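Read the figures in this text as sums done on the coordinates, not as results from a lab. Please read these numbers as outputs of a predicted model, since none were measured by experiment. Please note: Cβ atoms are built from the backbone with ideal geometry, for glycine as well, and neighbour counts cover all protein chains shown.
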Amino acid sequence: MKPFQANLINAVILIGLGLWGYFSSVSPSPTALIAPISGVLLLLMTSGIRKENKVIAHIAVVLTLLLFVALFMPLMRQTGLPKMRIGIMMFSCLVALAVFIKSFIDARKAKA
C-alpha cells in the first residue's frame, strides 16, 4: 500500500466514524468533531502526499500520530459500540503510521 492510499483510507474512516459517533450521541460534545476535522485535513493532504511532497507527508504523519494518541482517553471511557468505533479509528491511524514510516525508511535506503 502506498502512503497516499493509507492516508486516504484513514481520512475516510476518521470522517465517517467520527461523524457517526457525533450524530449518534445523545449530547454530542464539540470535541467529538476532532476526528472528523482531522480526517478532512488529512483528506486535503492526500494529493500532496501522492505527489511525494515531503513537507505535507510529514505534517500528515504528525497529525495522524497526534490523533492516535488523543484517541486513547476516549477509548478508556467508552464501552460497547463507541469503544469499537474509537478502536477502529485508532487501528486505522496505526496502519497509516506504519505505511508512512515504511515509506520514509524505503526512501532513505533508496537515497543511500
### Listed residue (Leu94, Leu19, Ala70) projecting farthest to the positive dipole end of region 3-111, Cβ model
Leu94
### Task
Counting other beta carbons within 10 Å of each Cβ, put Thr46, Thr64 in order, fewest first.
Thr46, Thr64
#### Entry: Environment charge of Ala32, counting only residues whose C-beta is closer than 13 Å and scoring Lys/Arg +1, Asp/Glu -1
+2
### Task
Could you calculate the FRET efficiency of Ile37 with Lys2 from 1/(1 + (r/R0)^6), where r is the beta carbon distance between them and R0 is 30 Å, rounded to 0.05?
0.75
### Projected area averaged over orientations for region 3-111, convex hull of C-alpha atoms, nm²
6.5
### Task
Taking the Cβ of each residue in Met76, Met1, Met90 as the centre, tally the other Cβ atoms inside 10 Å and list the residues starting with the fewest.
Met76, Met1, Met90
### Pairwise FRET efficiency - Ile101 versus Trp20, Cβ, R0 = 30 Å, nearest 0.05
0.60
### Task
First measure r as the distance between the Cβ atoms of Lys111 and Phe91, then evaluate 1/(1 + (r/R0)^6) with R0 = 30 Å and state the FRET efficiency to the nearest 0.05.
0.45
### Message
Could you list Val40, Val55, Val61, Val26 so that the one with the fewest beta carbons within 10 Å of its beta carbon is first and the one with the most is last?
### Response
Val26, Val55, Val40, Val61
### Query
How much net charge surrounds Val95 when only other residues with a Cβ under 15 Å from its Cβ are counted (Lys, Arg +1; Asp, Glu -1)?
+2
